Amino acid sequence: MNAVKKAAGLVPGFALALVIAATARFLESLLPIHLIGASVIALFIGIIINGCWKPTALFGAGLKFTSKKILKFAIILLGASLNISIVLQVGKMSLVVMCFTLLTCFGGGFFVGKALKINWKLSNLISAGTGICGGSAIAAIAPVIDADDTDIAYAMSATFLFDMAMIVLFPIMGRAMGLSDIAYGLWAGTAVNDTSSVVAAGYAFSEAAGDFATMVKLTRTLSIIPTVIIFALISARLKSKEATQADSADSRKHKLRIGKIIPWFIFAFLALTAINSLGYIPTEVSSAMKDISKFLMVSALAAIGLNTSFQDMRKSGIAPMVHGFIISALVVVVAIGVEFFMGLV
């Protein structure tokens, strides 16, 4: 009975998040051009509602469940849409550019975050959103490092704002530099953040550039896999250090348990990615799992928005936005610079 009662207590908050997610998907479908994803719309709707009406205790448990547990489940399902073979289709040149942009994001992001005195979780969420794939990367890494809802919301906001600027500026800069469809597609696919923004910026240049930019972006999404593992190890190391400093009796045991180093849902995520890469998941099933994953992720971000106060975000100041601008600008310059040295420009 207790389990049934507990499950029933999750329904109001979960249902509210689903309603907002469905609303966000509907609003996204009304846009003539796919400029902004449903996840960002849901996040902002949640934040706006929080500013007008604080969710009561009736919704609290369900919203927490959705922002934590459902988010992890969405990440697991995301694995069914990732395919390692895509890397072979796109080729080595995109991997070379991506290596440099990822190094720029996380290497440069570390020093920029330190200089601006931003906490390491928010700093790396912004870097992940910029370097990998916007909201999906932020959502994947957040539970691994136990990021606060406010940090997630701020990182999503920073990524979204610069995406909007890139959609407008990239086609203009690409034509001004006289880039070919391949060169522009590679540049947009490696330097623009969110998938929807890559598609918008790519096809604004040409159909061929849009096709190639989308393929590059799918390859770039695969970097979520090593990134979440690395951050899981970093997080485990920091927790182990805290346990040691607190003279925890089981700190040594904590170090040795692989389940503590890499969260369980990452194993499931990796397993689905491997199974899909080997061709064991039918295309229709993979597509359906991807759709479910995206909708649940939108629901989780709606819950995060409902748990986030705009006043709390303001306390972080302008520094995170400056961080996002610097890293985004560096990635844009590094990506086109690498292409120049590769002889593509």
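Select, from G79, G107, the only residue that is buried (at least 19 other Cβ atoms within 10 Å of the Cβ), among the small types (G, A, S) and either within 30 Å of A209 (Cα to Cα) or under 23 Å from the mean Cα position of the chain (by Cα) (or both).
Details: G107 fails: buried (at least 19 other Cβ atoms within 10 Å of the Cβ).
Within the list G79, G107, the selection yields G79.
Residues of the stretch 276-298 that are β-branched (V, I, T) and either without any contact (Cβ under 8 Å) to a residue 40 or more places away in the chain or closer than 12 Å to L77 by Cβ (or both): I281, T283, V285, I292.
Consider the stretch 172-199 and keep the residues that are among the small types (G, A, S) and under 15 Å from G135 (Cβ atoms). The one that is surrounded by the most Cβ atoms within 10 Å (Cβ to Cβ) is S197.
Yes or no: N50 surrounded by 15 or more Cβ atoms within 10 Å (Cβ to Cβ), touching a helix residue (DSSP H, G or I) at 6+ places or on another chain (Cβ under 9 Å) and not in a helix (DSSP H, G or I)? Don't jump to the end; show me each part of the working.
On the way: surrounded by 15 or more Cβ atoms within 10 Å (Cβ to Cβ): yes; touching a helix residue (DSSP H, G or I) at 6+ places or on another chain (Cβ under 9 Å): yes; not in a helix (DSSP H, G or I): no.
Against the criterion (surrounded by 15 or more Cβ atoms within 10 Å (Cβ to Cβ), touching a helix residue (DSSP H, G or I) at 6+ places or on another chain (Cβ under 9 Å) and not in a helix (DSSP H, G or I)), N50 does not qualify.
Taking the numbered list (1) on the phi > 0 side of the Ramachandran plot; (2) assigned to a helix (DSSP H, G or I) in turn, A165 passes all entries but (1).
Go through L296, L278 for me and flag whichever is crowded, with 22+ Cβ neighbours inside 10 Å and more than 27 Å from G109 (Cα to Cα).
Working: L278 fails: crowded, with 22+ Cβ neighbours inside 10 Å.
It is L296.
Each row is one residue, and each column tells you yes or no for (1) at pLDDT below 90; (2) within 15 Å of V228 (Cα to Cα); (3) among the hydrophobic types (A, V, I, L, M, F, W, C).
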residue	(1), (2), (3)
G51	yes, no, no
I70	no, no, yes
F110	no, no, yes
L116	no, no, yes
N124	no, yes, no
S127	no, yes, no
G134	yes, yes, no
A147	yes, yes, yes
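When the residues of the stretch 23-67 are filtered to those that are aromatic (F, W, Y) and more than 11 Å from G305 (Cβ to Cβ), the one that is farthest from the chain's Cα centre (by Cα) is W53.
Filtering the stretch 164-207 to residues that are closer than 19 Å to K294 by Cβ and touching a residue at least 60 places away in the same chain (Cβ under 8 Å) leaves N193, D194, T195, S196, S197, V199, A200.
For L18, indicate whether it is within 21 Å of the chain's Cα centre (by Cα), assigned to a helix (DSSP H, G or I) and closer than 30 Å to G343 by Cβ. First the steps, then the outcome.
Values: within 21 Å of the chain's Cα centre (by Cα): yes; assigned to a helix (DSSP H, G or I): yes; closer than 30 Å to G343 by Cβ: no.
Spelling it out, it is not the case that L18 is within 21 Å of the chain's Cα centre (by Cα), assigned to a helix (DSSP H, G or I) and closer than 30 Å to G343 by Cβ.
The values are calculated or read from the model by the stated rules, or taken from the named source; none is laboratory data. Everything quoted here is computed from the prediction, not taken from an experiment. Positions of Cβ are generated from backbone atoms using ideal geometry, with glycine treated the same way; all protein chains shown enter the neighbour counts.
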